[in-house]
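Report on the structure given below.
Please treat every number below as a calculation from the coordinates, not as lab data. Note that the structure is a prediction, hence the values are computed from the model and not measured. Positions of Cβ are backbone-derived with ideal geometry, glycine not excepted, and every protein chain shown enters the neighbour counts.
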Amino acid sequence: DTGVSQDPRHKITKRGQNVTFRCDPISEHNRLYWYRQTLGQGPEFLTYFQNEAQLEKSRLLSDRFSAERPKGSFSTLEIQRTEQGDSAMYLCASSSQQGSWENTIYFGEGSWLTVV
Amino acid sequence: AQKVTQAQTEISVVEKEDVTLDCVYETRDTTYYLFWYKQPPSGELVFLIRRNSFDEQNEISGRYSWNFQKSTSSFNFTITASQVVDSAVYFCALRGNNRKLIWGLGTSLAVNP
């Protein structure tokens, strides 16, 4: 399977703990996105990378959140000092850009976070 | 401002019925893309279709069809002869010049046997 993969799929953590999610995009895709989704809502944009460069961050991404894509391949999203409001599904997606055109964004299965 | 409205929050049909999911969008961009994604209970967002603003041809893929009308800013999705496996949340999304995906709130479709 060469789709977007995320790990772990589910995480339950105590408030105040740090958590890290990993995303492996489709191999030839140079763009990688992180979204957050809560029940009954559409995905909310958090940040995206083109290769290893983080080009944009949403205001939703507080200073407790950090994302990296060190070699332009996989990415990690870390949440420090988790709060109950961080409980959500964190979706990773990837796409390829050719010139000024961006192809379709493909999503992974998501990582569910529950903060208790 | 860009916006996507999916007015139907939940739809329930009986298997083999046809069902149409509505999507209305707002944008001032002249070039934009519209998408439909399916999200089954497992959580993965499955890409269904992409349509650019210059292509108003309707599309049919098996039991799925899409009706894009720029005059009414709508991009509706019809499932013909629905099946239980079609049960999912369906999202319509818009991407304009800022390259961000703007999502509707989704329509939860329940197909009952």
Compute the normalised compactness of chain A: alpha-carbon radius of gyration over 2.2 N^0.38 Å, N being the residue count. 1.02
Please list 3J(HN,Hα) in residue order for region A:66-71, calculated via the Karplus relation 6.51 cos²θ - 1.76 cosθ + 1.60 where θ = phi - 60°; whole Hz, with x for glycine and proline. 9, 10, 9, 8, x, 10
Distance-filtered residues of region B:1-21 - backbone nitrogen under 15 Å, label point 7 angstrom along B:Ala81 Cα→Cβ: B:15-19
Counting only other chains, and only Cβ atoms inside 10 Å, what mean value do you get across the residues of B:36-48? 5
Could I have the simple spin-label model distance between B:Leu48 and A:Glu44, label points 7 Å from Cα toward Cβ, reported in nm to one decimal? 2.5
Which residues qualify? For A:Ser87, with a placed amide H closer than 5 Å and at least 5 residues away or on another chain, they are A:Val115
Using Cβ counts within 10 Å as a stand-in for footprinting exposure, how do A:Ser87, B:Ser82 rank, fewest first? A:Ser87, B:Ser82
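In peptide B:101-110, what is the residue-averaged number of other protein chain Cβ atoms found within 10 Å of each Cβ?
Per residue, the average neighbour count from other chains is 3.
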How do B:60-69, A:35-44 rank on mean C-beta neighbours within 10 Å, highest first? A:35-44, B:60-69
Of all DSSP beta bridges with both partners in chain A, the antiparallel percent, nearest 5, is 90
Give the percent of DSSP beta bridges with both residues in chain B that are antiparallel, rounded to the nearest 5. 90
Listed residues A:Ser75, A:Ser94, A:Ser27, most fluctuating in chain A (Gaussian network, C-alpha, under 10 Å): A:Ser27
